[in-house]
1. Any idea which residue in the stretch 105-160 is least open to solvent (accessible area, probe 1.4 Å), counting only those that are within 43 Å of the chain's Cα centre (by Cα) and small (Gly, Ala, Ser)?
2. Can you find even one residue in the stretch 101-124 that is part of a helix (DSSP H, G or I), under 30 Å from Thr217 (Cα atoms) and out of contact with any Leu (no Cβ under 6 Å at 6 or more places or on another chain)?
3. Test Ala220 against the criterion of being under 20 Å from Gln148 (Cβ atoms), modelled with pLDDT of 85 or more and not charged (D, E, K, R), and give yes or no.
4. Kindly list the number of the only condition in (1) surrounded by 17 or more Cβ atoms within 10 Å (Cβ to Cβ); (2) polar (S, T, N, Q); (3) out of contact with any Gly (no Cβ under 9 Å at 6 or more places or on another chain); (4) under 30 Å from Ile223 (Cα atoms) that fails for Gln163.
5. Restricting attention to the stretch 428-447, which residues are more than 30 Å from Val66 (Cα to Cα) and in a strand (DSSP E or B)?
6. Given the criteria farther than 16 Å from Ser154 by Cα, among the charged types (D, E, K, R) and open to solvent by 60 Å² or more (accessible area, probe 1.4 Å), does Lys226 qualify?
7. Please find, within the stretch 402-422, the residue that is surrounded by the fewest Cβ atoms within 10 Å (Cβ to Cβ) out of those that are more than 45 Å from the chain's Cα centre (by Cα) and touching a residue at least 24 places away in the same chain (Cβ under 8 Å).
8. Name the residues in the stretch 36-92 that are modelled with pLDDT of 85 or more and among the polar types (S, T, N, Q), would you?
Amino acid sequence: MQEELRKILRPLQNALLSHKLLVSVIAGVTVAVLGAFIVAGRSNKPAQAAPRPPDVEVVRVEQKDVPVYSEWIGTTEGMVNADIKAQVTGYLLRQDYQEGSFVKKGQLLFEIDPRPFQALVNQAKGDLAKSESQVQQAVTQLDQALAQLAQANSQLMQAEANQRKTQLDVNKYRPLLEQKAVTQQEFDNADQANDAARAQVEVVKSQIKAATAGVGTAKAAIIAAKAQVESSQAAVRTAELNLSFTRIVSPIDGIAGIAQAQVGNLISTTSAPLTTVSTVDPIKVFFTLSEQQYLNFTKRNLIEARRGASVVQIELELTLSDGTAYPEKGSFFFADRQVDQKTGAIRMAGIFPNPGNVLRPGQYGRVRAATSTKTGALLVPQRAVSELQGSYQVAVVGADNKVEMRTVKVGERSGSQWVIEDGLKAGETVVVEGTQKIKPGAVVNPKPYADKKSG
């Protein structure tokens, strides 16, 4: 049985071996043919194609009149900065405002203990009342002196009348005595009566002098009493003023700063300011110009301008410290009275509206203004200019699309463009985007520059 099976399977085994050999031969032939085709393909491969010119974005050099801007570092400052100081000495009783808030003119900020000052007011008023009573006393004394003077004048008239009568008697008896018509005793009696009358006149005259002196003294007393009244009135006003100073109010509308004194502190006129109130709408911005800039600026904007023109008409722009543009436009306010001899610069001030009190004193920013106009300026985008070791270059594309690296002299900036002073001509084509992938003499594929910001 086994022998029969071997006889049946042996032809199959021989067939399989013949098939494997055939497969191996076919595979070898296939590999050889493929290798021949590959060698032939390599030997017949055409030459490598030239690289495609790189794409670059270009613009033509523009020529037009442009404003030339100047820029300075600025510092904000309140229009009015009122230092709030104590005008009397006393203990701080209370603080009546919220720090950093807006306060009105006349609003109470601080209060000093008023009791000592109220006592001084009461004392001054008492002294005034005393002085006024002294005036009344002096007036009464004057009235009495005037009455005495009037009485003495009346007595003088009577005494002078009596003396004239006795003098007539003497004059009458003298010739009669010589004629022995009257006795010596009668003449002596008349003469003595005349002497007594003259003496009475002198007495009354002395009384008049005393009464006149009394009137003068009374008038002087009135003047002195009135002067004392005025002094007492001044003392009352001073005491009342000092009492009012215990209520420290804001002299302006503005933003009140942090309090520099605490309740309970003893403060005086020599103490540091209690706080500061600043008017910030509008707000000033200080910046500094060199003397040369100032001279050029004033000549152009004042001397050469029409009569009555002012730098106030020039618009100012403000860029804040975070790089954002302040939405309100400003104007020139004033220039300082002198140039600083140490720095050769002059301080200028601009004024900006400040609705909502957004800006506060002490902030920094950049002040920018169009200070002149350049006629026929050549302009290229700032991105087209590259700086290398202090020199500036642009890539110029010629008519044959070849690149030329050209050194240029740059001037002022005008927005996102740069004024080219020398090295370019109007109408020439410069590369804006793609300068990093080109070399001098390279051929490029120029395309119009698409400004992403304007798009």
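1. It comes out as Ala124.
2. yes
3. Yes: the conditions hold for Ala220.
4. (4)
5. Val443, Asn445
6. Details: farther than 16 Å from Ser154 by Cα: yes; among the charged types (D, E, K, R): yes; open to solvent by 60 Å² or more (accessible area, probe 1.4 Å): yes.
Criteria met by Lys226.
7. Ranking the candidates gives Glu404 first.
8. Gln63, Thr75, Thr76, Asn81, Gln87, Thr89, listed by residue number.
The values are calculated or read from the model by the stated rules, or taken from the named source; none is laboratory data. What you see is a predicted model, and the numbers here were worked out from it, not measured in a lab. Glycine also receives a Cβ, built like all others from the backbone with ideal geometry; neighbour counts cover every protein chain displayed. To get the accessible areas, we keep the full protein, side chains included, count just its heavy atoms, and leave off ligands, DNA and RNA. Shrake-Rupley method; radii C 1.70, N 1.55, O 1.52, S 1.80 Å.
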